[in-house]
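Everything below concerns the one structure shown next.
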Amino acid sequence: MSYIDGNLLEGEQVVYRTRLHWLLFIGPVLFTAVVLLPIAWFLYNGTWRSFTWIRLALGLLVLLATFIKRQSSDFAVTNKRVMMKVGVFSTRSVELLLSKIEAIAVNQSFIGRIFGYGDIVVTGSGGTREAFSHIEGPLEFRRAVQSVTDTRSSPPQNAAPPAGGDAARK
């Protein structure tokens, strides 16, 4: 069970959910391919053949750590709150009531716009700022917060007319 699902309040429903972007793997994959694989190849073809597995295990460990980091991140917009959590052993979680959110800033680089990731900064009442980097679909995240906030602040469409209106005279 994810952090979000385990901490929902009664009557609370997830409107939008996202996580860290898959491009998080680019650094570890490049490190493994450009640095560790050539070293492993030279070791394998030299007198240090028995130590080749150490470099390959190190590459797999780096990739595994990145995979765990991505899987353990959780970002959600519910009908009541914005919930964000990153980390496994040392976690950082933020839960803000929708009524306490003043702004959500989205920062995207050119590459981030192409691949659909960016940074979000949620500003709560009192000026608290919570920043999260490399979020998948940051514009959709902000749009989800705005749509839920709009539905909460707008009056119901089928509201009864006021007591002094035309319906009271009939």
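The values are calculated or read from the model by the stated rules, or taken from the named source; none is laboratory data. All figures in this text were calculated on a predicted structure; none of them were measured in a lab. Glycine also receives a Cβ, built like all others from the backbone with ideal geometry; neighbour counts cover every protein chain displayed. Ligands, DNA and RNA are excluded from the accessible area calculation, which covers all protein heavy atoms including side chains. Shrake-Rupley method; radii C 1.70, N 1.55, O 1.52, S 1.80 Å.
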Return the residue satisfying two criteria in turn: it lies in segment 95-133 and is touching a Pro at 6+ places or on another chain (Cβ under 6 Å) and among the β-branched types (Val, Ile, Thr), and of such residues it is farthest from LEU24 (Cα to Cα). VAL106
Would you point out the residue of segment 70-122, among those that are hydroxyl-bearing (Ser, Thr, Tyr), at pLDDT 90 or above and surrounded by 20 or more Cβ atoms within 10 Å (Cβ to Cβ), that is nearest to the chain's Cα centre (by Cα)? TYR117
Residue satisfying all of: in segment 1-23; of a type in the set (A, V, I, L, M) and open to solvent by 40 Å² or more (accessible area, probe 1.4 Å); farthest from VAL62 (Cα to Cα) among these: LEU9
